[in-house]
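See structure below.
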Amino acid sequence: MPDFADFTLPALDLAEWRAAFPLAVAGIIVWSLWIYRCVLSARARPIDNDFTATTSVVVPSFHEDPDILMRCVANWRAQHPDEIIIVLDVADTEAFERLEALDDPVVRPVLFRHAGKRSALGVGIRMATSEVLVLVDSDTQWEPGLLLAVQRPFLDPEVGAVSTQQNVYEARGNVWRRIADWMVNLRYYNYVPAMGRAGAVACVSGRTAAYRRSAVTPVLENLENEFFLGRRCIAGDDGRLTWLVLASGFKTVHQSSARALSMFPASFRAFVKQRVRWSRNSYRCYLTAAYKGWLWRTPFVTKVTVLQILLTPVTMGVTIGYLVFSRLELTTHGALLAVVWLLAGRGIRGFSHLRRHPQDILLLPLLTLVVIMVALPVKLYAFLTMNKQGWLTRSETTIGGEGQDQASLEQRERGRRTPTHADVEPALSAAGGHR
């Protein structure tokens, strides 16, 4: 057994204390901001009143697995929206025929040659006739009461968009879905409610997002025709629409009582691709918001959250670099202390998830590795390739998202090995090669 009493990092003399001081201050600031957001999020409450409005569900669907799509349609119909507009690609004839066979006037399938998700959203939004637009991904379903809950905040005429609580569908059946669910929970328990309480959620997730139609129609062309450094944007529609609504003077709020469940990748390769896409979208979206001045007009909690997202590779890279190259002794004791330090920090940040799923403590080492991987190589790669457009996990030659079709739900988990450099390298390379 190692004697922990003898196991210390090198002692700091006065000069070293001066060198370490800026990093210590940075650490205090980062943890203080985390606590600040957690406290605000814990104090946030769902909006509860009797307000209702007419609702149009708009679903862009590109080569979705028909079985998943039909299951989701049945789920949406059960909550009785005024209309469900499903914009299918022209090649999705099986899904179109199955939807037509429902013979339900509420369900309106449309065949359209997709030129990216934004083009399909534009078609569906222009067809919609209701006061509230509920934009939904084709592989997302709702917990009971979601449709009523997302209407409540629109009693306030200043609310332009409503974020919903997000989770992973069938998360318990696959290790990568469990990791994704943990990361999603941290976002929706510790970050989004704080921004929603201030009326400025930075990205209303498109998996299920409700918008006031009168807030969307004036900016729809700017959603469909966004260019970044001369290239037309394909992905990132939800972040773009969020900021267009915020820039128009509306609030974006969060409704924790409206819970949506979405398909997430069941493989490490697809998991990495999804994170690359999301990171690219975040960089483009938030850099645009900063450049245009939209970010600087938002509440403090939204500004600091966005800036932390943009600077995550820098802050985490400096911290880990300092630990490894300046303070870590190359001994068993030093390595053990470093591991304990990393796990403890991640475990504290994961408290909101772990108190709901205490058994996931066994996944803490893997989650810590994944968070470091996403914050450093994935985000760095995404930053360097942020203007490479594409969806990555969907293509014209496949049915359903990669690792997100019906078959992926039926496969047993194939092991829980820790991702290695050999895994990450091909996954990052593949991330640039698909639509």
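The values are calculated or read from the model by the stated rules, or taken from the named source; none is laboratory data. Remember, predicted model here, so these are calculated numbers, not experimental data. Cβ placement follows ideal geometry from the backbone for every residue including glycine, while neighbour counts extend to all protein chains displayed. Side chains included, ligands, DNA and RNA excluded: accessible areas come from the protein's heavy atoms. Shrake-Rupley method; radii C 1.70, N 1.55, O 1.52, S 1.80 Å.
For labels at Thr331 and Arg356 in the simple 7 Å Cα→Cβ model, what's the distance in nm?
Reported label-point gap for Thr331 and Arg356 is 4.3 nm.
If you plug each phi of segment 136-141 into the Karplus form 6.51 cos²θ - 1.76 cosθ + 1.60 with θ = phi - 60°, what whole-Hz ³J(HN,Hα) values come out, in order, with x for Gly and Pro?
Result, rounded to whole Hz: 9, 6, 6, 10, 10, 10.
Taking a 1.4 Å probe, which of Met316, Met263 shows the most accessible area, and what order do the others take after it?
Numbers: Met316 40, Met263 5 Å².
The ranking, largest first, comes out as Met316, Met263.
Once amide H atoms are placed 1.01 Å from N in the peptide plane, what residues at a sequence separation of 5 or more from Ser205, or on another chain, have their amide H within under 5 Å of its amide H?
For Ser205, the qualifying residues are Thr164.
Tell me the mean residue ellipticity at 222 nm calculated for the chain from its helices only (DSSP H runs of n ≥ 4, each -39500 (n - 2.57), averaged over every residue, nearest 500).
Details: 18 runs with 210 residues, N = 435.
Calculated at 222 nm, the ellipticity per residue is -15000 deg cm²/dmol.
Using a Cα-Cα cut-off of under 24 Å, which lysines could be cross-linked to Lys388, ignoring same-chain neighbours fewer than 8 residues away?
Excluding near neighbours in sequence, the set is Lys117, Lys273, Lys292, Lys379.
Over the chain, what is the mean sequence separation of C-alpha contacts under 8 Å (at least six apart), divided by residue count, expressed as relative contact order in percent?
Values: 695 pairs, mean separation 86.7, N = 435.
The value is 20 percent.
Which shape class applies to the chain: rounded if a/c is under 1.5, otherwise prolate when a/b exceeds b/c and oblate if not, where a ≥ b ≥ c are the square roots of the Cα gyration tensor eigenvalues?
Working: a/c = 1.89, a/b = 1.59, b/c = 1.19.
Judged from the Cα gyration tensor, the chain comes out prolate (a/c at least 1.5, a/b above b/c).
Using the heavy atoms of the protein chains and a 1.4 angstrom probe, tell me the accessible area per residue for segment 29-154 in square angstrom.
I get 41 Å² per residue for segment 29-154.
Would you look at the GNM of the chain, springs on alpha carbons closer than 10 Å, and say which of Val73, Val57, Val314 moves the most?
Checking each option, the largest mean-square fluctuation is seen for Val314.
What list of ³J(HN,Hα) couplings, whole Hz, do you get for segment 63-77 from phi and the Karplus terms 6.51, -1.76, 1.60, once you set θ to phi - 60° and write x for glycine and proline?
6, 5, 4, x, 5, 5, 4, 5, 5, 5, 4, 4, 5, 5, 4
Can you give the accessible area of Phe96 in Å² (nearest 10), computed on protein heavy atoms with a 1.4 Å probe?
Approximately 50 Å² for this residue.
Could you work out how much longer the chain between Asp104 and Val304 gets when fully extended? Use 0.36 nm per residue separation minus the Cα distance between them, nm to one decimal.
Values: separation 200, 0.36 × 200 = 72.00 nm, distance 4.67 nm.
Once the chain is fully extended between Asp104 and Val304, it gains 67.3 nm.
Sequence-distant or interchain residues sharing an amide H contact under 5 Å with Ala200, placed H: which?
Here the answer is Thr252, since their amide H atoms fall under 5 Å of that of Ala200.
To the nearest 10 Å², what's His114's accessible area with a 1.4 Å probe?
Counting only protein heavy atoms, the figure is 30 Å².
What percentage of the solvent-accessible surface of segment 153-236, computed with a 1.4 Å probe over protein heavy atoms, is contributed by carbon and sulfur atoms?
Working: 1300 of 2680 Å².
Carbon with sulfur: 48 percent of the solvent-accessible area.
Can you work out ³J(HN,Hα) from phi for every residue in segment 104-121, in order, using Karplus 6.51 cos²θ - 1.76 cosθ + 1.60 and θ = phi - 60°, giving whole Hz and x for Gly and Pro?
Calculated HN-Hα couplings, in order: 10, x, 6, 8, 10, x, 9, 8, 8, 6, 5, 10, x, 4, 4, 5, 5, 4 Hz.
Separation between the Asn225 and Ile29 pseudo-spin-labels, each 7 Å from Cα along Cα→Cβ, expressed in nm?
Roughly 4.1 nm, to one decimal.
Per residue, how much accessible area does segment 156-269 show when a 1.4 Å probe rolls over the protein heavy atoms, in square angstrom? Don't jump to the answer; show the numbers that get you there.
Values: 3440 Å² over 114 residues.
Ligands and nucleic acids excluded, the result is 30 Å² per residue.
With label points built 7 Å along Cα→Cβ from the Cα atoms of Leu380 and Glu94, find their separation and express it in nm.
With each label placed 7 Å out from Cα toward Cβ, I get 4.2 nm.
For a quick check of understanding: with a 1.4 angstrom probe and all protein chains in place, what accessible area in square angstrom does Phe51 have, to the nearest ten?
Looks like 60 Å² after rounding.
Compute the distance from the alpha-carbon center of segment 394-408 to that of segment 83-139, in whole Å.
19 Å
What order do Asp238, Asp139, Asp82, Asp50 take when sorted by accessible area (1.4 Å probe), most exposed first? Please report the intermediate quantities before stating the final value.
Values: Asp238 40, Asp139 10, Asp82 85, Asp50 145 Å².
Most to least solvent-accessible, the answer reads Asp50, Asp82, Asp238, Asp139.
Suppose accessible area is computed on protein heavy atoms with a 1.4 Å probe; arrange Ile28, Ile68, Ile372 from highest to lowest.
On the way: Ile28 110, Ile68 0, Ile372 40 Å².
Ranked from most to least accessible, the order is Ile28, Ile372, Ile68.
Show the residues, 5+ positions off or on another chain, whose built amide H is closer than 5 Å to the amide H of Ser256.
Under 5 Å from the amide H of Ser256: Ile47.
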